[in-house]
Structures are given as C-alpha cells and as structure tokens.
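Throughout, read-outs are computed from the coordinates displayed, never taken from laboratory work. Only a predicted model underlies this, so the values are computations on that prediction, with no experimental measurement involved. With ideal geometry, Cβ positions are generated from the backbone for all residues, glycine too; neighbour counts draw on all protein chains shown.
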Amino acid sequence: MKGVEVVEVPARPVMHIPFKGALPINGWGLRYVSGIDDERVKPGDWMTRWDSTANGSTFEFGADLTYVFWGEAYARDVSEALRTSADITTEVVKIGR
C-alpha cells in the first residue's frame, strides 16, 4: 500500500433507519482483493466510502455492501486509480439489475 495515509476519524453521528425488507441497491461495487496493510480490511470487503477532491481521495472498505457507483466506467477508473496509485487491488462487481 504505497502513498496511502491511514486517517483515524473521531466518532461522528451515524444515522440508521430500520426497514422491513431491503431497499434495492443497483450499480457497480468494488470488492477488496489485496494491498492494504491493516488487519481490519479483509479480502472480500466492499468499498463503503469514496470521496474525491482535487487534494486526493478518501475511501473505506467494510463487510457490508452499502456503497455503489452508478456507472461501470467510473467504478473501473476508481479501481485502476487504487491499483496504480496505491498498489491496492479491487474487483468491479455488478450489483442488482
């Protein structure tokens, strides 16, 4: 994992609304394969956050699929950026329809 700074974020409010059944999630998910030196991230984890600005990108992986990209091309661009910039390997997976 080159050029990646691990940032510990102080606790912030997280909101949750319980639903009966699941709302459909459709798009393109990124599944972690290898390259992160942190035992909290395991192969098969999903990208759960991607924020990108002119100064860089912030991202997270976790066990639950909670985040998808709407377009395949952009998901593939993010996967490639992680690979070339940080030696992090992911796979792009179609989610839903």
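Tell me what the chain gives for mean residue ellipticity at 222 nm when only DSSP H runs of n ≥ 4 count, each as -39,500 (n - 2.57), the sum divided by the residue total, rounded to 500 deg cm²/dmol. Can you show the working numbers first?
Numbers: 1 runs with 15 residues, N = 97.
So the calculated ellipticity at 222 nm is -5000 deg cm²/dmol.
Quick check: convex hull over the Cα atoms of the chain, volume per residue in Å³, rounded to an integer? Don't jump to the answer; show the numbers that get you there.
Details: hull volume 12.0 nm³, N = 97.
Once divided by residue count, the hull of the chain is 124 Å³.
Please give the contour-minus-distance gain from Glu80 to Lys94: 0.36 nm per residue of separation, less the Cα-Cα distance, rounded to one decimal in nm. Show your work: numbers first, answer last.
Values: separation 14, 0.36 × 14 = 5.04 nm, distance 1.64 nm.
Value of the extension gain: 3.4 nm.
Cα axis of helix 72-86 to longest principal axis of the chain: angle in degrees, 0 to 90, nearest 10?
Around 30 degrees separate the two axes.
Under a point-charge model restricted to the Cβ atoms of Lys and Arg (+1) and Asp and Glu (-1), what is the dipole moment magnitude of the range 9-97 relative to its Cα centre, in debye to the nearest 20? Kindly include the intermediate steps, with their values, before the conclusion.
Values: 10 positive and 12 negative charges, 89 e Å.
So the dipole magnitude of the range 9-97 works out to roughly 420 debye.
Specify which residue in the list Phe69, Ile36, Ser52 is farthest towards the positive end of the charge dipole of the chain, using unit charges on the beta carbon of Lys, Arg (+1) and Asp, Glu (-1), about the Cα centre.
Looking along the dipole axis, the top candidate is Phe69.
Relative to the Cα centre, what is the charge dipole magnitude of the range 1-57, using +1 at the beta carbon of each Lys and Arg, -1 at the beta carbon of each Asp and Glu, and rounding to the nearest 20 debye?
Details: 7 positive and 7 negative charges, 63 e Å.
Dipole size: approximately 300 debye.
So between Leu65 and Val7, what do we pick up on full extension, going 0.36 nm a residue minus the alpha carbon distance? Mind dumping the intermediate values first?
Details: separation 58, 0.36 × 58 = 20.88 nm, distance 2.15 nm.
Length gained, Leu65 through Val7: 18.7 nm.
Could you put Ser57, Ser34 in order, starting from the residue whose Cβ has the fewest other Cβ atoms within 10 Å?
Final ranking by Cβ density, sparse to dense: Ser34, Ser57.
Expressed as a whole number of Å, what is the distance separating the alpha-carbon centroids of the range 74-97 and the range 1-70?
12 Å
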